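Peer 1: First the structure, which I've put down as structure tokens, then a few questions once you've had a look.
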Amino acid sequence: MAETVEIFEVGPRDGLQNEARPIPLSEKIALVDCLSQAGFKRIEIASFVSPKWVPQMAQSAEVLAGILRVSGVSYAALTPNRRGFDDALQSKADEVAIFAAASEGFSQANLNTDIAGSLQRFGEVAVAAKEAELPVRGYISCVTDCPYEGAVDPNQVRRVAEILLEMGCYEISLGDTIGHASPARIAALLDVVVPHVPPHLLAGHYHDTRGLAWENVQVSLDYGLRVFDASVGGLGGCPYAPGAAGNIDTESLHHNLTQRGYDTGLEATQLARAAVMAHAMRGAQNNV
């Protein structure tokens with residue numbers, strides 16, 4: 001039997017958050033419903049951050065209320081603080097995610113606090129999640145490069161990952177937020193991180209700014225990672241990482257993994273339908 005590699009779909013959250021056009025609620029719900037039929041185990045669909053900073057996520061509670069939930073699919077929400085967690089819990093998210101940075105510059109830009117302050121804030125979320133018996137996933141942004149500070153020390157990534165695991169995160173997603181990582185840089189990162197955080201607890205989250213996301217996935221596979229975040233239609237970018245492209249697109253990642261002999265459990269025809277919807281949501285100028 002083929003070895004399984006899971007694709008964690010982040011398009012409805014990480015993908016849409018940077019779109020300039022206000023996306024109607026009905027379109028967001030329709031995209032999630034389409035993705036729910038594709039075979040995913042986990043889909044990130046909401047972010048309970050201040051709508052002042054990320055207007056596109058202002059309807060997160062309505063999205064969670066409006067989707068047709070499919071048995072076996074975990075619908076995830078990003079939660080930056082205790083208030084966001086409480087909103088996610090009330091909206092019946094199946095799991096939540098907390099998101100630290102590996103660089104002080106990005107932490108200040110994205111979270112308005114230093115790394116230590118963000119981890120203290122996330123500790124409160126982790127405690128509340130444990131009490132509510134809600135799984136917590138951890139993200140680390142800028143694992144190789146920061147848009148404000150340049151190259152990031154892999155040991156800083158390791159330290160943040162260990163702290164997030166100690167908090168109770170069941171998985172740590174390593175984010176090449178600006179898409180500047182090369183296979184060699186990813187290898188150097190994993191050389192440092194994997195001896196301390198085993199690969200079954202790690203996921204790769206690679207933006208495709210320089211067209212190297214698939215190569216970075218291949219290196220990560222060689223180190224034992226078997227979960228990768230992707231965004232249908234290549235949606236994405238980051239409001240606090242100017243110039244960053246979207247995540248590796250789900251449909252090509254599925255195709256490439258399948259060609260390499262892995263089983264993603266996804267249905268290509270349904271992915272194609274979702275990709276058409278995603279391209280349309282981006283507007284005519286980006287429709288490909």
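Peer 1: Can you tell me which of 74, 50, 26, 91 is surrounded by fewer than 19 Cβ atoms within 10 Å (Cβ to Cβ) and in contact with a Lys or Arg (Cβ under 6 Å, 6 or more places away or on another chain)?
Peer 2: It is 74.
Peer 1: So, one more: Please work out if residue 210 is out of contact with any Phe, Trp or Tyr (no Cβ under 9 Å at 6 or more places or on another chain), of a type in the set (Lys, Arg), touching a residue at least 24 places away in the same chain (Cβ under 8 Å) and farther than 30 Å from residue 271 by Cα.
Peer 2: no
Peer 1: While we're looking at this one, here's another question. (1) crowded, with 22+ Cβ neighbours inside 10 Å; (2) modelled with pLDDT under 95; (3) in contact with a helix residue (DSSP H, G or I) (Cβ under 9 Å, 6 or more places away or on another chain): which one isn't true of residue 104, the others all being true?
Peer 2: Answer for residue 104: the failing condition is (1).
Peer 1: Output the number of residues of the stretch 173-184 satisfying the condition of being surrounded by 21 or more Cβ atoms within 10 Å (Cβ to Cβ), of a type in the set (Ser, Thr, Tyr) and either part of a strand (DSSP E or B) or modelled with pLDDT of 95 or more (or both).
Peer 2: 1
Peer 1: A further question on this structure: Go through the stretch 117-152 residue by residue and tally those that are among the acidic types (Asp, Glu) and out of contact with any Lys or Arg (no Cβ under 9 Å at 6 or more places or on another chain).
Peer 2: Looking only at that region, the number is 3.
Peer 1: Collect the residues in the stretch 29-47 that are crowded, with 21+ Cβ neighbours inside 10 Å and farther than 15 Å from residue 73 by Cα, keeping them in residue-number order.
Peer 2: Scanning the stretch 29-47 gives a single hit, 47.
Peer 1: Cβ-Cβ below 8 Å, separation at least six or inter-chain, first residue in the stretch 1-16 and touching a residue at least 24 places away in the same chain (Cβ under 8 Å) and part of a loop (DSSP other than H, G, I, E, B), second surrounded by fewer than 21 Cβ atoms within 10 Å (Cβ to Cβ) and among the basic types (Lys, Arg): which pairs?
Peer 2: Within 8 Å, the pairs are 3/226; 5/226.
Peer 1: Being of a type in the set (Ser, Thr, Tyr) and at pLDDT below 95 is the filter here; which residues of the stretch 232-250 pass it?
Peer 2: Selection gives 240 alone.
Peer 1: Select from the stretch 113-172 the residues that are assigned to a loop (DSSP other than H, G, I, E, B) and of a type in the set (Ser, Thr, Tyr) and write down the one among them that is nearest to the chain's Cα centre (by Cα).
Peer 2: Only one residue tops the list, namely 170.
Peer 1: Among the numbered criteria (1) of a type in the set (Val, Ile, Thr); (2) modelled with pLDDT of 95 or more; (3) under 24 Å from residue 105 (Cβ atoms), which single criterion is violated by residue 269?
Peer 2: Among (1) of a type in the set (Val, Ile, Thr); (2) modelled with pLDDT of 95 or more; (3) under 24 Å from residue 105 (Cβ atoms), the lone unmet condition for residue 269 is (3).
Peer 1: Conditions: (1) within 19 Å of the chain's Cα centre (by Cα); (2) at pLDDT 95 or above. Residue 68 meets all but one. Number of the miss?
Peer 2: For residue 68, the failing item is (1).
Peer 1: Which residue is surrounded by the fewest Cβ atoms within 10 Å (Cβ to Cβ), if the candidates are limited to the stretch 195-211 and must be on the phi < 0 side of the Ramachandran plot, at pLDDT below 95 and assigned to a loop (DSSP other than H, G, I, E, B)?
Peer 2: 210
The values are calculated or read from the model by the stated rules, or taken from the named source; none is laboratory data. Everything quoted here is computed from the prediction, not taken from an experiment. Cβ coordinates were reconstructed from backbone atoms using ideal geometry, including for glycine residues, and neighbour counts include every protein chain displayed.
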